[in-house]
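Before anything else, here's the structure in question.
The values are calculated or read from the model by the stated rules, or taken from the named source; none is laboratory data. Note that this is a predicted model, so its numbers are computed, not measured. Because the Cβ atoms are built from the backbone with ideal geometry, glycine has one as well, and the counts that use them run over all protein chains shown. Quick note on the areas: whole protein, heavy atoms, side chains included, nothing else; ligands and nucleic acids left out. Shrake-Rupley method; radii C 1.70, N 1.55, O 1.52, S 1.80 Å.
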Amino acid sequence: IIYDTLAYSVGGDLLTATYLETRRGLELASQGGARAKVQEIELLEVEAENEDDGFRATVTWNVAASVGHWGHIHQRRNQYTAELTVEPVDGLWKITSMELIGEERL
């Protein structure tokens, strides 16, 4: 189910990498590691330019989540900046590459 859900918006090698990273996170959570529940995603800035068949964009967004570990839950807010490549894959727009260039706890 996770792979199929990711496949709606992610394509190419990034799909496999994202799926495997998600699975590793779920396995750690099931072994008593931290569990996060995303509550809000706030898109702050997008700067895009055409590239070949798709486009490349620098995107900044905030994520608010509740994080549970060591028997308690607390709120966390992080800001991320990434370079995304978006291309048509089988007639659908999908993220085909992502390079995280910034992560900051707010």
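At a 1.4 Å probe radius, which order do 1, 95, 101 fall into by accessible area, largest first? Before the final figure, lay out each step's value.
Numbers: 1 165, 95 50, 101 90 Å².
If we order 1, 95, 101 from most to least accessible, we get 1, 101, 95.
If you place +1 on the Cβ of every Lys and Arg, -1 on the Cβ of every Asp and Glu, and leave all else neutral, what size is the dipole of the chain about its Cα centre, to the nearest 20 Debye?
Working: 9 positive and 18 negative charges, 182 e Å.
For the chain, the charge dipole is close to 880 debye.
Pulled fully out, how much extra length does the chain show between residue 36 and residue 56, if you take 0.36 nm times their separation in residues and subtract their Cα-Cα distance?
Numbers: separation 20, 0.36 × 20 = 7.20 nm, distance 2.89 nm.
Gain in length upon complete extension: 4.3 nm.
So how tilted is helix 12-30 from the main axis of the chain? Cα-based, degrees 0 to 90, rounded to 10.
0
At 1.4 Å probe size, what's the solvent-accessible area of residue 76? Round to the nearest 10 Å².
Counting only protein heavy atoms, residue 76 exposes about 70 Å² to solvent.
Which order do 61, 93 take when ranked by solvent-accessible area (1.4 Å probe, heavy atoms of all protein chains), largest first?
Values: 61 50, 93 145 Å².
Descending accessible area places them as 93, 61.
Same structure, new question: By accessible area of protein heavy atoms, probe 1.4 Å, what ranking do 8, 80, 3 get, highest first? Write down the numbers at each step before the final one.
Values: 8 170, 80 45, 3 95 Å².
Accessible-area ranking of 8, 80, 3, largest first: 8, 3, 80.
Based on the alpha carbon coordinates of the chain, what radius of gyration and maximum Cα-Cα distance (Dmax) apply, in Å?
15.5, 50
Of 59, 86, 67, which has the largest mean-square fluctuation in a 10 Å C-alpha GNM of the chain?
Greatest mean-square fluctuation among the candidates belongs to 67.
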